[in-house]
Amino acid sequence: MDTTSSVLQIVAHPDDDLYFMNPATFQAMKAGVRTTTVYLTSGDAQGENPRPWSTEPVVADREAYGKARQNGLKAAYAAMVLGDRTAPWTSGTWQTADGGLAEVYSLAAAPWVTLFFLNIRQHGTPEGPARSLHVLWRAEAERVPTLVPRGGLVGEVHWYTRPGLVATLVNLMEIVRPTVIRTMDPDPDRLVHDEKFPQRHDHGDLSDHCDHTATALFSWTAISQYRGPAEGRHFAVEAFRGYYNERWPHNLSPQAVSLKEFFLNIYGAADGYDCGDPAGSGDYAVGLNSRGPGWVQSTTPRYPATGDRLLKDARGRLTAFAVIDQQAAVWVQAQPGGGQWRGPFLLGGAPLAPGLAVSLTPDGRWQVFAERLSHLAHDDGHGREIVVLEQSAPDGPFGEWGTLGNPSAGDPRRDRHLGAPVVTRDGRGRLHLFVRNAGLGVHSRVQEADGSWGEWLDLRGFDVQEGLSALTARDGSVELFASSREGVFHWSQDTIDSLPSRAPRFKLSVPSGPPAALVQPGGRVLVVFRKPGDGRLMLAEEDTPGGRWAKPAEPIGGRGGFGPVAAVASTSPETGTLLVTRSDPGGLAYRFHPDDSPWQELSTAELGGTVVGTPAAAFDSAGRAVVTALGNDGRLHVTTQHAAGRGGFGPWTAIG
């Protein structure tokens, strides 16, 4: 068992973790990471759980359905951890901050795996308001009731208030002391429903179930009150999209999808397995039908970090940036090219979303950009903003966080639908900041060389996925790449003083995630992204620097996985460009380009079976490639090449 890591997952319904967070859940538990999952609702829905083999009329029984879903989850977790769905569990109750009792189950042979069931009724009482968790968040009800599962451990109904539920989650965090907290998406995209994308499982014009969103908002409220795992340790937060997955190209490989489906089939007792409980052995509607809605085929992090977060400072020391404890944090090499690091140094700014963008000013000062969840509203008046932090001098202290606002400011219904920032600096020293906006297009702000900021500018675009990639070409002009349902879009400047505009005829093949774009040692721009349906990589590049893109994107393989790609160019044409990605087994796969050698794997066993967020890569002052990643222990881990070139990497070192 990994005693340095503790993962807490907070979801709305029994199966949200299996659909939307796996394979990360499975990979961490397989590595022995302490894992606690809390389910806010019982998932009782309408109480109908038809047995596929039965021709009898379906009788609604919410109490039995809630218990059947618990039984299915325990079987799925036992199979993930021990390979035995029948493995026994120890059971008990836990008194919540509101005075009620939650049901608690721990695997007898792996007691570091625990499930908490708060059992809030999914739709309230039959005569009460619908979507109880949703109306509780929106303060449309003062309290909501729990379900008493048939044959469960708790025999009485309890009522949760809004403050009581938040306090319950905070208390749970203080007990579990997580180093990683996984939540659902607090700000799902707004969608236009039409013939191509009909209204299905979404809530209103949001791309998710309202319980998922309310759970995420309750979770982030509680996280803001969490004091951390103590003993000098830190925590990271990951958010995962929900029903969004059915609307975009699928990003997992057949092998990864089959693994998720396998555990969902166990959860749904698809093979007719009978656990002996008359309430039911699982959620039978899921069994053998988990692929139907289109959710299992993707795992999609919210706030993907796509900008550079590992860069050299003015003295040539590599400096890493990430979000821990909901604050920006920095780690720095003690000496250029050395193996010793210092940090983390916390820079404040909370509550920040996980993605950061970083730039070094021409005079050697760091600028850090992030999205802040500045106000979690019970109505539509949410506040989200882009914030910036600057050093006062090279190697000097950082000042106060400032705000750059939001391109949707003044429209509270759209304010929350903001993407993480990316930045690049043009040949005249001006900084260009880009964000995906609420309309699924792109906005930009420019900071002049004298430090003044211009207004938000609408660069248009449509159907843009979150996760942009910006670069400065060899001639000093700025370029931007973004993924859409139709292909990879490209914005560029006609002159260095003009506004970037999208090339309407530029469409690389359809991607299944954010692109990574950079300038290679020879000056040509390269773009790499994941291919739909297998998670492997596609690569395209200019014919000549600043020239045409005559050749279509070509597959370069990989080992599947999900999330953005880290890409960094060496100054040496012989070394070329390093690509690093999350892989299906949970490790990090890497390869140099151009090179026909096979992909290599960096094991993440020491990091807790997988990484948190996106890895970062750079070349140090000695010309060696360096890869950094956050582990499940909430610490930054660093691995460095043995020598410059295209050779292998040394062991991981945990910093802080």
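With a cut-off of 8 Å between alpha carbons and a minimum separation of six or more residues, what is the relative contact order of the chain in percent?
On the way: 1756 pairs, mean separation 69.3, N = 656.
Dividing the mean separation by the residue count of the chain yields 11 percent.
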**Message:** To make sure I understand the rule: partners must be lysines, Cα under 18 Å from the Cα of residue 531, and not fewer than 8 residues away in the same chain. Which ones qualify?
**Reply:** 507, 551
**Request:** Could you tell me which trypsin sites (Lys or Arg not before Pro) in region 382-423 are loop residues by DSSP with no more than 14 other beta carbons within 10 angstrom of their beta carbon?
**Result:** 413
**Fill in**
What the Cα atoms of region 534-656 span along the principal axes, largest first and in whole Å, is 46, 35, 23
**Message:** Using the Cα centre of region 186-301 as the reference point, and only Cβ charges (+1 on K/R, -1 on D/E), how large is the resulting charge dipole? Debye, rounded to the nearest 20.
**Reply:** 340
**Message:** Under the rule a/c < 1.5 gives rounded, and otherwise a/b versus b/c splits prolate from oblate, where does region 341-476 land using the Cα gyration tensor?
**Reply:** oblate
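Using +1 on the beta carbon of Lys and Arg, -1 on that of Asp and Glu, and nothing else charged, what's the dipole of region 2-267 about the Cα centre, debye to 20? Don't jump to the answer; show the numbers that get you there.
Values: 24 positive and 30 negative charges, 117 e Å.
For region 2-267, the charge dipole is close to 560 debye.
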**Prompt:** Calculated FRET efficiency, residue 495 and residue 334, Cβ-Cβ r, R0 35 Å, to nearest 0.05?
**Reply:** 0.25
**Prompt:** Hey, can you rank 460-472, 502-514, 603-615 by average C-beta count inside 10 Å, highest first?
**Reply:** 603-615, 460-472, 502-514
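If you add up the charges near residue 458, with Lys and Arg at +1 and Asp and Glu at -1, over every other residue whose beta carbon is less than 15 angstrom from its beta carbon, what do you get? List each step's numbers first, then the result.
Details: positive: 414, 436, 445, 460, 502; negative: 411, 455.
Around residue 458, the charge tally is +3.
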**Fill in**
Most exposed to least, judged by fewest other Cβ atoms within 10 Å, 2, 395 sort to 395, 2
**Complete:** Helix-only [θ] at 222 nm, the chain, -39500 (n - 2.57) per DSSP H run of 4+, per residue, nearest 500, equals -3500 deg cm²/dmol
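Mind checking the dipole of the chain: about its Cα centre, +1 per Lys or Arg Cβ, -1 per Asp or Glu Cβ, Debye to the nearest 20? Don't skip to the answer; put the middle values down first.
Details: 60 positive and 72 negative charges, 207 e Å.
In total the dipole reaches around 1000 debye.
Hydropathy first: keep DSSP H helices in the chain averaging at least 0.5 on Kyte-Doolittle, then drop any whose Cα extent along the axis falls short of 20 Å, and list what survives. Mind dumping the intermediate values first?
Details: long enough: 62-82 (30 Å, -0.30); 162-176 (21 Å, 1.20).
Span-like helices, by this rule, are 162-176.
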**Prompt:** What residue among 423, 324, 590 has its Cα farthest toward the positive end of the dipole of the chain, where the charges are +1 on Lys, Arg and -1 on Asp, Glu, each on the Cβ?
**Reply:** 590
**Fill in**
Dividing the mean separation of Cα pairs under 8 Å (6+ apart) by the residue count of region 1-115 yields a relative contact order in percent of 23
**Prompt:** Amide H neighbours of residue 469 under 5 Å, counting only residues 5+ apart in sequence or on other chains, H built in-plane at 1.01 Å?
**Reply:** 481
**Request:** Determine, for 593, 193, the number of other Cβ atoms within 10 Å of each Cβ, and report the residues in order from fewest to most.
**Result:** 193, 593
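Sort 571, 25 by Cβ crowding within 10 Å, fewest neighbours at the top. Mind dumping the intermediate values first?
Numbers: 571 8, 25 26.
So the ranking, lowest neighbour count to highest, is 571, 25.
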**Prompt:** Any idea how far apart residue 409 and residue 377 come out in nm if each label point goes 7 Å out from Cα toward Cβ?
**Reply:** 1.5
**Asked** Based only on the alpha carbon positions, what is the Kirkwood hydrodynamic radius of the chain, in angstrom?
**Response** 25.2
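Coordinate-derived values only; no laboratory data. None of these values were measured; they are calculated from a predicted model. Backbone-built Cβ (ideal geometry, glycine too); neighbour counts: all protein chains shown.
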